[in-house]
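Peer 1: Here you go, one structure.
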Amino acid sequence: MKLILKYLKKYKLLFLIDAISVFGFALVELGIPTLISRMIDQGVNTKDTSFLWSNWALMSIISIVGVCGTVILGYCSTRISTNVTRDIRNDVFEHAMTFSNAEMDKFGVSSMITRTNNDAYQIMLFLNVILRMALMTPVMMIVSIMLIVRISLPLSYIVLLTIPFILIGVFAVAKVSEPISENQQNSIDRINKILREHITGIRVIRSFNKEKNEEERFAKENRYYQRESSKLFKLMSCT
């Protein structure tokens, strides 16, 4: 996370706009249902048409603000995540060019390819989710609790009691998924290594008639990657 924060400092303005636009999305998600509830309770039941029209106008304004906020949120989060990923790729490549032969042998070419391509792509996806959901979730939670307290104080106690259990569940899933994620990344390294060896040594493999062995070797590693990925995605779906 420290690495991501280091690169985020370059895009402070976009990050600030992204954080502000989150409130536009939260306004639509929580404001419109609240207004509809008021319209039914105070407008429809009492047949107060002026109240209904005024709330309809307010709802239209909230919808426009919410749509603008959602569009800006998507633009800023995408722009930041792609720019940060580009910067990380450039820095990894430049740093790899300074490696000695011993350092390159230590890390391995396949591992460096994975770091530059797949890992950078995973950072982009992670950052995109963080800039959308991680900023949005606290705002939604705080505003939701305020609305629940306003509607029913006893109900708010029940909601507050469930929050620790949710947090414990999220941390438990993160703890269990960490070693699985490491296995997945190591498997990608091995897949890249096998593929690179196959491409560079295709003539030797064919001369010794080892195509079948190489296919089985690749298929075995690919099945392992599929199993680890399946475990990881199932765990992530729990959150």
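Peer 1: Please verify whether the range 72-89 includes one or more residues that are of a type in the set (S, T, Y) and closer than 30 Å to S37 by Cα.
Peer 2: First, pick out the residues of the range 72-89 that are of a type in the set (S, T, Y): 75, 77-78, 81-82, 85.
Then drop every residue that is not closer than 30 Å to S37 by Cα, which leaves none.
For the range 72-89, residues of a type in the set (S, T, Y) and closer than 30 Å to S37 by Cα: absent.
Peer 1: Next up: Please find, within the range 96-118, the residue that is modelled with the lowest pLDDT out of those that are assigned to a helix (DSSP H, G or I) and hydrophobic (A, V, I, L, M, F, W, C).
Peer 2: To start, the set of residues in the range 96-118 that are assigned to a helix (DSSP H, G or I) comprises 96, 101-107, 109-118.
Still in the list and also hydrophobic (A, V, I, L, M, F, W, C): 96, 102, 104, 107, 109, 112-113.
Values: A96: 81, A102: 79, M104: 75, F107: 75, V109: 72, M112: 78, I113: 77.
Checked the range 96-118; the qualifying residue modelled with the lowest pLDDT is V109.
Peer 1: Moving to a separate point now. Do the conditions hold for F15, that is, is it in a helix (DSSP H, G or I), over 30 Å from T200 (Cα atoms), of a type in the set (F, W, Y) and modelled with pLDDT under 80? First the steps, then the outcome.
Peer 2: On the way: in a helix (DSSP H, G or I): yes; over 30 Å from T200 (Cα atoms): yes; of a type in the set (F, W, Y): yes; modelled with pLDDT under 80: no.
So F15 fails the test.
Peer 1: Counting only residues that are over 30 Å from the mean Cα position of the chain (by Cα) and small (G, A, S), which one in the range 14-66 is farthest from I142 (Cα to Cα)?
Peer 2: So, considering only residues that are over 30 Å from the mean Cα position of the chain (by Cα) and small (G, A, S), the one farthest from I142 (Cα to Cα) is S50.
Peer 1: Do we have R38 as under 30 Å from N183 (Cα atoms) and part of a helix (DSSP H, G or I) here? If you could, list the steps in order and put the result at the bottom.
Peer 2: Working: under 30 Å from N183 (Cα atoms): no; part of a helix (DSSP H, G or I): yes.
Against the criterion (under 30 Å from N183 (Cα atoms) and part of a helix (DSSP H, G or I)), R38 does not qualify.
Peer 1: Go over the candidates L161, L153, L167 one by one and state the one that is loosely packed, with under 11 Cβ neighbours inside 10 Å and either modelled with pLDDT under 80 or of a type in the set (D, E, K, R) (or both). Break it down into steps so the answer makes sense when it comes.
Peer 2: On the way: L161 fails: either modelled with pLDDT under 80 or of a type in the set (D, E, K, R) (or both); L167 fails: either modelled with pLDDT under 80 or of a type in the set (D, E, K, R) (or both).
The match here is L153.
Peer 1: Within the set of pairs 6 or more residues apart or between chains, which connect a residue that is within 17 Å of K231 (Cα to Cα) inside the range 158-174 to a residue that is assigned to a helix (DSSP H, G or I) with Cβ atoms less than 8 Å apart?
Peer 2: V173/L235; V173/M236
Peer 1: Determine, yes or no, whether F23 is crowded, with 16+ Cβ neighbours inside 10 Å, out of contact with any Ser or Thr (no Cβ under 9 Å at 6 or more places or on another chain) and assigned to a helix (DSSP H, G or I).
Peer 2: On the way: crowded, with 16+ Cβ neighbours inside 10 Å: yes; out of contact with any Ser or Thr (no Cβ under 9 Å at 6 or more places or on another chain): yes; assigned to a helix (DSSP H, G or I): yes.
Taking the combined requirement at face value, the residue satisfies it.
Peer 1: Now for a separate question. Which residue is farthest from the chain's Cα centre (by Cα), if the candidates are limited to the range 201-239 and must be surrounded by fewer than 11 Cβ atoms within 10 Å (Cβ to Cβ) and hydroxyl-bearing (S, T, Y)?
Peer 2: S207
Peer 1: Can you tell me which residue is nearest to D119 (Cα to Cα) among those in the range 189-239 that are in contact (Cβ under 8 Å) with a residue 24 or more places away in the chain and of a type in the set (V, I, T)?
Peer 2: This residue is I191.
Conditions (1) surrounded by 15 or more Cβ atoms within 10 Å (Cβ to Cβ); (2) closer than 30 Å to I20 by Cβ; (3) touching a residue at least 40 places away in the same chain (Cβ under 8 Å), marked per residue:
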{"site": "S50", "(1), (2), (3)": "no, no, no"}
{"site": "I61", "(1), (2), (3)": "no, yes, no"}
{"site": "A96", "(1), (2), (3)": "yes, no, no"}
{"site": "I123", "(1), (2), (3)": "yes, yes, yes"}
{"site": "V143", "(1), (2), (3)": "yes, yes, yes"}
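The values are calculated or read from the model by the stated rules, or taken from the named source; none is laboratory data. Because the structure is predicted, anything quoted here is derived from the model rather than measured. Virtual Cβ from ideal backbone geometry, glycine too; neighbours counted across all protein chains shown.
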